[in-house]
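A.B. asks: After the structure tokens below, expect a handful of questions from me.
The values are calculated or read from the model by the stated rules, or taken from the named source; none is laboratory data. Bear in mind the structure is a predicted one, so any value in this text is a computation, not a measurement. Every residue, glycine among them, receives a Cβ derived from its backbone with ideal geometry; neighbour counts consider all protein chains shown.
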Amino acid sequence: MPFDERVLNGMGVLTAIVDCGSFAAAGEALDMSQSGVSRSVARLEARLGIRLFDRTTRSVTLTDEGRRFYEQIVPLLGGLEEAAASAAHGATAVRGRLRVNMDPFFSRLVLGPRLGGFIDKHPDLQLELVTRDQLGDMVGDGFDVAIRFGDPPVSTLVARKLLDTRILTVAAPSYLKKHGKPANPGELEDGRHICIKFRDPLTGYPFSWEFHRGRKQLALTPQGRLTVNDVGTLHSVCIAGQGIAQILALGAESLLTSGKLIELFPDWGDEVYPLYALYPSRHHPPAKVRVFLDFIMSLTGGRPRHAVA
């Protein structure tokens with residue numbers, strides 16, 4: 001027997017008749033007309049190929065076949081109601097497993113030091129953070145949400161911009177003492193300075209260096225023999241005075257305020273890099289996803305942005 005919406009509705013009508021004692025009372029409970037109740041029962045009887053009720057002008061009783069069917073479907077309908085209630089509760093309750101595809105830099109320098117408070121606040125949540133250089137197949141790999149830097153790829157995922165962070169060109173005091181401070185970005189490609197390059201995980205090649213000042217943009221190829229693919233290594237090598245680097249302002253505040261790194265071209269500081277949250281559907285994201293995104297926003301000091309497809 002094909003199981004469709006009419007069969008399920010007929011089962012609900014059947015249980016209402018048994019519970020209420022009559023077709024008329026069941027109609028009132030279900031906000032249906034008595035004729036509508038009768039038609040629903042007739043359709044279910046036709047689908048099953050059995051007669052469910054013995055009907056007289058004074059009483060309605062289940063047939064033997066109807067009683068056996070009723071006894072079988074009652075626990076099934078109860079399970080469906082429980083499942084629906086559980087799903088509805090999941091939309092508002094922060095619980096279950098939350099699997100997050102996380103940018104390694106953001107995870108280590110921004111999220112990690114403040115993650116304990118979020119975990120303590122949601123004792124029924126099991127959080128799994130997976131740091132990756134690339135997004136990969138988010139849905140196929142079973143992730144609920146991803147936090148990634150850079151413009152998102154064209155896909156069916158919902159992309160919600162969390163923030164824009166400035167890109168800074170920096171060097172350590174020890175480097176500047178040895179090599180001097182460049183007067184302008186152009187000096188970084190004429191051989192007078194050593195630059196530390198960072199590999200783009202999508203292309204496998206070092207990122208190009210850009211400098212923005214209002215509408216004016218300058219792109220150049222920095223000179224240097226060292227390329228890294230880890231932000232922690234980039235920071236440590238630069239702090240050690242091995243070269244000039246471009247880093248994100250996010251997570252580097254203490255390095256600048258302490259004087260470990262010095263911004264070289266503050267008048268060319270208008271280039272920014274976005275941070276996005278990605279998730280599979282814009283319709284009713286679970287509470288666990290919503291509270292995690294709110295937590296990420298609190299870490300960055302940003303305000304909620306509109307999602308873009």
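A.B. asks: Taking interchain pairs and intrachain pairs at least six residues apart, which have beta carbon atoms under 7 angstrom, with the first residue in region 111-138 and under 23 Å from Pro152 (Cβ atoms) and the second assigned to a helix (DSSP H, G or I)?
C.D. replies: Leu111/Leu299; Leu127/Ile119; Leu129/Ser107; Thr131/Pro104; Thr131/Ser107; Asp133/Pro104
A.B. asks: Which of the residues that make up region 184-232 are farther than 21 Å from Phe265 by Cβ and either part of a helix (DSSP H, G or I) or among the polar types (S, T, N, Q) (or both)?
C.D. replies: Thr203, Thr227, Asn229, Gly232
A.B. asks: So, one more: Find all pairs meeting these conditions: Cβ atoms under 9 angstrom apart; at least six residues apart or on different chains; first residue within region 11-25 and without any contact (Cβ under 8 Å) to a residue 12 or more places away in the chain and assigned by TED's automatic domain parsing to the domain that holds Ile50; second residue among the acidic types (Asp, Glu) and surrounded by fewer than 18 Cβ atoms within 10 Å (Cβ to Cβ).
C.D. replies: Close Cβ pairs satisfying both conditions: Cys20/Glu28; Ala25/Asp19.
A.B. asks: Here is a follow-up. Do we find that Pro185 is closer than 23 Å to Phe207 by Cβ and under 19 Å from the mean Cα position of the chain (by Cα) in this structure?
C.D. replies: Here the answer is no, as Pro185 does not meet what is asked.
A.B. asks: Mind checking which residues of region 227-246 are of a type in the set (A, V, I, L, M, F, W, C) and surrounded by fewer than 16 Cβ atoms within 10 Å (Cβ to Cβ)?
C.D. replies: Correct list: Ala240 only.
A.B. asks: If I filter region 66-74 for residues that are at pLDDT below 85 and in contact with a strand residue (DSSP E or B) (Cβ under 7 Å, 6 or more places away or on another chain), do I get at least one hit?
C.D. replies: yes
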